[in-house]
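Only one structure is covered here, and it is reproduced in the block below.
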Amino acid sequence: MKIIKTAAFIIFVIALPLLLFTSAVRIVVNDLRLYHYGFVKYDIIQATGGIELSELDRAASELVQYFNSDEEKINIVLNSGLELYNRKEIDHLKDVKDLIWFGYKLQVYSLDYVLGYIIVLLALGGKTWLRTFSMLGRGLIHGGGLTLALMMAIGIAMLVAFDRVFLFFHLVGFSNLDWVLDPRTDKLIQMFPEDFFFDASLTLAGVTLALALLVGVVGWGLGFYCKKRLVAR
């Protein structure tokens, strides 16, 4: 029984960073303010040959809707009547969507385990609820701490060699070379240059760290309260 409890606790600690990271991914992917900020910062109007900012914002909104829909392919048409993306770009966006949905599924699975663990832990705690909440607090602290450690390691790697990390991500995340685009002609890479993804990655790391700190603080608060109550008995 002790081995099962220990294994369940360890999985809980590991599931927390996965939950926090995938939750941050969902937040960043759907944040239209980040897209608009990138369009303005990197002068995407000029990069795309004069596509107006309002159209860029509309395209970003349609992309977000597409990522969260059941549509197989996306087709964005500019006010001029021209299609924004060519066939290769559309195929790559389908691959990106599949990767995003994989992240969404991981979020659901990790959330199911975290909630299930908490429910079972509380159900089996019985009259020893203080020790149960204390154990839960330790798990939250360890999970938050593990998330912080992982994000710091990834953050250092990005700051030192983001281009290599970015390339590695594409080689591992995609099974084809549709992501190899021409910045002279392909609107997708013109709209979202590597610098945009660097900023997005920093935002993702920041959101994940904030969630990890929140979880850690909650865990510390539970532990502190339970310890104080146990000493007072």
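The values are calculated or read from the model by the stated rules, or taken from the named source; none is laboratory data. The structure displayed is predicted, hence computed values, not measured ones. Note that each Cβ is placed from the backbone with ideal geometry, even for glycine, and that neighbours are counted across all protein chains shown. Areas reflect the complete protein model, heavy atoms only, side chains present, ligands, DNA and RNA absent. Shrake-Rupley method; radii C 1.70, N 1.55, O 1.52, S 1.80 Å.
See the values below:
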{"quantity": "Number of positions in the stretch 34-68 that are in a helix (DSSP H, G or I) and β-branched (Val, Ile, Thr)", "calculated": "4"}
{"quantity": "Tally of residues being open to solvent by 50 Å² or more (accessible area, probe 1.4 Å) and in contact with a Ser or Thr (Cβ under 8 Å, 6 or more places away or on another chain) across the stretch 189-220", "calculated": "1"}
{"quantity": "Breaking point among (1) assigned to a helix (DSSP H, G or I); (2) at pLDDT 95 or above, for Val180", "calculated": "(1)"}
{"quantity": "Positions within the stretch 123-148 being more than 17 Å from Met1 (Cβ to Cβ), out of contact with any Lys or Arg (no Cβ under 8 Å at 6 or more places or on another chain) and at pLDDT below 90, in sequence order", "calculated": "Lys127, Trp129, Phe133"}
{"quantity": "First in the stretch 152-163 and without any contact (Cβ under 8 Å) to a residue 60 or more places away in the chain and within 15 Å of Leu209 (Cβ to Cβ), second anywhere and in a helix (DSSP H, G or I) and not β-branched (Val, Ile, Thr), Cβ under 6 Å, 6 or more apart", "calculated": "Gly155/Ala205; Met158/Ser201"}
{"quantity": "Boolean, Thr185 is open to solvent by 60 Å² or more (accessible area, probe 1.4 Å), closer than 25 Å to Phe196 by Cα and either under 19 Å from the mean Cα position of the chain (by Cα) or among the hydroxyl-bearing types (Ser, Thr, Tyr) (or both)", "calculated": "yes"}
{"quantity": "Filtered residues of the stretch 87-112 (kept if open to solvent by less than 70 Å² (accessible area, probe 1.4 Å) and of a type in the set (Phe, Trp, Tyr))", "calculated": "Tyr104"}
{"quantity": "Single unsatisfied condition, Glu71 versus (1) free of Cβ contacts under 8 Å to residues at least 24 places away in the same chain; (2) farther than 30 Å from Ala212 by Cβ; (3) assigned to a helix (DSSP H, G or I)", "calculated": "(3)"}
